[in-house]
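The values are calculated or read from the model by the stated rules, or taken from the named source; none is laboratory data. Since this is a predicted model, take the numbers as computed values, not measurements. So basically every Cβ, Gly included, is an ideal-geometry build from the backbone, and we count neighbours across all protein chains shown.
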Amino acid sequence: MFNSHRVYPLWKISPGLAAVVGIVAVGLYCLGVIPGQPGAGRVPGGPPRRSAKGPRAARAAKEAAPPATLAGLTAAIAREPKNPERYVDRAAVYFERKEYDSARADYEKALRLDPENAEALFGRGYLHLQQDEDDLALADFSEVIRLAPEVPEAYAARGSVYAARQDYPRAVADFNEALRLDPRCADASIGRGKARRDQKDYDGAVADFQQANRLEPDSPEGYNELAWVWATCPRADLRRGDLALEYAGKACQLSDWEDPLCLDTYAAAFASLGEFDQAVRWQKKALGFTDNLSDTDLDEFRARLKLYEEHKPYRLE
């Protein structure tokens, strides 16, 4: 059964890459589904997408390219109005600023100039996810795979869509391909771990999350996912409340204690240890981030708060 608590934040991109070779060489790194802010985005008729941290596009761009301002990028576009990469550059900045309509307009312009611009397709696919247009996202990610079948990030991105739809065979196949192409793709490990968890393969999920932590020890995502399994697993032999609390705390620290999903996991870890006063305290803190939570998220968070107030832990079904 699909668990809406976590879904696949799987991307990094760096702006201004001129072609697929640039994408391979400099970086579309592993992609993070799920859209925009934690809890944003929803498969029509399905549960919301979840991410322990928002998309990593902006962070990767800062690491891979000099800082750019909108004014500077707009000036560059004025100088080179027919260069699609200039629009892709500016779209990344718009995305960081959460100006999604402007980002989409720039990706669309880049694709009018170059219909096979893989980076623009990748970015537009991510925006489709942000705005609940999963069929369009799937089409864009599949087109990136057609153009650049050697790029693991595209498989990880498409796998995140399949997983959100509970099409686990296709999701796992895409995550496996991403990992075959790049065994160090931490986000593909996380995506496969979530798919395995949702199919009740908790041992496989734990192994994938542990691998992700080894690959990206400074990212909160793997710690948060592993803590969630250890705190909420229905199998008593896999529950480790002490480790869940330690790892959830690390995820919260790495996300500056501002990610409601990490705080939610921290509360679940306290509840798993029978420390319900602390669980209530941290669940209320998680509920303080209403701007970052969908209506479905809020319902789930409130339901868990009620459990903790009744001195009951939360368990995955």
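Looking only at region 127-144, count every residue that is without any contact (Cβ under 8 Å) to a residue 60 or more places away in the chain and closer than 24 Å to S102 by Cβ and tell me the total. First the steps, then the outcome.
Taking region 127-144 and keeping what is without any contact (Cβ under 8 Å) to a residue 60 or more places away in the chain, we get 127-128, 133, 135-144.
When the remaining residues are screened for being closer than 24 Å to S102 by Cβ, the result is 127-128, 133, 135-141, 143-144.
Total meeting the criteria: 12.
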*Which residue, of R86, R90, R124, is in a helix (DSSP H, G or I), among the basic types (K, R) and closer than 30 Å to D198 by Cα?*
R124
*asked:* Need the failing condition index for R235 against (1) in the same structural domain as A156 (by TED's automatic domain parsing); (2) of a type in the set (K, R); (3) farther than 23 Å from V161 by Cβ, just the number.
replied: (1)
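Take the residues of region 145-174 that are hydroxyl-bearing (S, T, Y) and without any contact (Cβ under 8 Å) to a residue 60 or more places away in the chain: which is farthest from L121 (Cα to Cα)?
Going residue by residue through region 145-174, those that are hydroxyl-bearing (S, T, Y) are 155, 160, 162, 168.
Now narrow it down to the ones that are without any contact (Cβ under 8 Å) to a residue 60 or more places away in the chain: 155, 162, 168.
Numbers: Y155: 14, Y162: 18, Y168: 24 Å.
Filtering first and then ranking leaves Y168.
Take the residues in region 201-256 that are in a helix (DSSP H, G or I) and in contact with a Pro (Cβ under 6 Å, 6 or more places away or on another chain), then tell me which one is surrounded by the most Cβ atoms within 10 Å (Cβ to Cβ).
As a first pass, look at region 201-256 and keep what is in a helix (DSSP H, G or I): 202-215, 220-232, 236-238, 241-254.
Still in the list and also in contact with a Pro (Cβ under 6 Å, 6 or more places away or on another chain): 251, 254.
Values: A251: 28, L254: 19.
Among those residues, the one meeting the criterion is A251.
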